[in-house]
Amino acid sequence: MMRLTRTATAVALALSLALPVAVASSASAADAPPAAPAAEAPRKQALQLPRPTGQYGVGSSVFHLVDRSRKDPWVPTADGRELMVTMHYPAARRGGGGAPARYATTAEAKALIEGFGVRGVPPEVLSATRTHSRVGARPAAGKFPLVVLSPGFSASRFTLTNAAEDLASRGYVVALVDHAYESFGMSMPGGRTLSCVACKALDVEGVPASVVTSTRAKDVSFLLDRLTGRKAERQHPELSRLIDRRRIGMAGHSIGGASAASTMAGDRRVLAGVNMDGAFWEDLPPQGLDGRPFMLLGTDDDVHRPGGKDTTWDRMWPTLDGWKRWLTVAGSDHGSFSDFPLILAHFGLPQPPLPAARAADLVRTYLAAFFDQHLKGVEQPALAGPSAQHPEVVFHHHR
């Protein structure tokens, strides 16, 4: 089993389970990379996320869910399996009202900074990152596809806010999910903050990472029940009315991406999925995904190219039995598929060769293209093959 360490750098995001067992089984605290250096001159001004590119404004709503039909695998004494969910949705451009949505709580920002060993980033400045969502904004008219986003292991849901806001502006309802005890810090109602109990379970106690993906798959199925099931209109009436229940997709970063495949294997409501730079920790069933589309989007290095260190991508590729793409992005690193490049650049921390703004743009472009094609039925040239417009994106096994 892969050994996880709390001294991994924020740049590498080693705690996000990027590599397969065959590669990382011998890693330990002794040979982990050093903690990320402090920013030389920490900025006191808050970061502003890139402006969304779609035609809609973006609304935001946060809610707490508890599935009391299950025990939490990390804390069995907990009162069920808890989730925190931020919904981003298409909103009216004008007259929609609502205060600016918060990026993260100060407690969540502090936990992330300390967990990844980053020095010189003030938690209150990170938590004050300016979003483009407005709390409780008036929804746009119509019904829209639903996309669920799951973050990397030990990272919080807010690290996928840039992608979530952009998808919402393009006409999607987006559910950003935090899974209890799997992030460094998860703020809960009543002032509680849940820590990463799962980090110790995997790193010290030897619990297999497949417990994470199988648990997250059940988390997402429970969430879909709450958003689209019989009780949805009573529990979340405005959001329920916005969602087209026939068009649901999922994407995730690192183990969140692997969880998208696990979710699709067990829940046929999810019609399309994207794994952003995550190893697969569970094999797909013999029937694959029953012809449903799936995209791999990862680093263009010796990890996620065909024949790379992450052997799970090669192993799962033939099992993906529907429309599929295997894309890698030149100059990216593991964190490039989240908000981390934007955060690190803002605070003057080390960067991969791919500039932060370009990484954010490519992730938004290819996520939107994938879901536009497979949930909205609009063919996307960006997915047809290599293009001069996106020279960093490399197509593998293209057909």
* Within the set of pairs 6 or more residues apart or between chains, which connect a residue that is within 25 Å of residue 195 (Cα to Cα) and in contact (Cβ under 8 Å) with a residue 12 or more places away in the chain inside the stretch 161-180 to a residue that is in a helix (DSSP H, G or I) and of a type in the set (Gly, Ala, Ser) with Cβ atoms less than 6 Å apart? -> 162/360; 174/164; 174/168; 176/164
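Could you check how many residues of the stretch 185-206 are of a type in the set (Val, Ile, Thr) and modelled with pLDDT under 95?
Of the residues in the stretch 185-206, the ones of a type in the set (Val, Ile, Thr) are 193, 197, 204.
Still in the list and also modelled with pLDDT under 95: 204.
Result for the stretch 185-206: 1.
Hand me the list of strands (runs of 3 or more DSSP E) wholly inside the stretch 114-223 holding 3 or more residues that are surrounded by 24 or more Cβ atoms within 10 Å (Cβ to Cβ) and in contact with a Lys or Arg (Cβ under 9 Å, 6 or more places away or on another chain). Before you say what the answer is, go through the steps one by one.
Working: elements: 133-135, 144-150, 173-179.
It comes to 144-150, 173-179.
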* Right, residue 354: among the aliphatic types (A, V, I, L, M), in contact with an Asp or Glu (Cβ under 9 Å, 6 or more places away or on another chain) and modelled with pLDDT of 95 or more or not? -> yes
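Each row is one residue, and each column tells you yes or no for (1) more than 29 Å from residue 103 (Cα to Cα); (2) in contact (Cβ under 8 Å) with a residue 60 or more places away in the chain; (3) of a type in the set (Gly, Ala, Ser); (4) touching a His at 6+ places or on another chain (Cβ under 7 Å).
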site	(1), (2), (3), (4)
355	no, no, no, no
363	no, yes, no, no
368	no, yes, yes, no
379	yes, no, no, no
385	yes, no, yes, yes
396	yes, yes, no, no
* Could you say whether any residue in the stretch 377-399 is under 18 Å from residue 174 (Cα atoms), at pLDDT 95 or above, aliphatic (A, V, I, L, M) and crowded, with 18+ Cβ neighbours inside 10 Å? -> no
* Tell me which residues, restricted to the stretch 262-292, are within 15 Å of residue 248 (Cβ to Cβ), of a type outside the set (D, E, K, R) and in contact with a strand residue (DSSP E or B) (Cβ under 9 Å, 6 or more places away or on another chain). => 263, 264, 270, 271, 272, 273, 274, 289
* Quick one: which residue in 332, 338 is over 14 Å from residue 301 (Cβ atoms), of a type in the set (S, T, N, Q) and surrounded by 23 or more Cβ atoms within 10 Å (Cβ to Cβ)? => 338
* Structure fact -> Within the stretch 64-90, residues over 18 Å from the mean Cα position of the chain (by Cα) and aliphatic (A, V, I, L, M) come out as 65, 66, 75, 78
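The values are calculated or read from the model by the stated rules, or taken from the named source; none is laboratory data. Note that the structure is predicted; figures quoted are calculated from it, not measured. Virtual Cβ from ideal backbone geometry, glycine too; neighbours counted across all protein chains shown.
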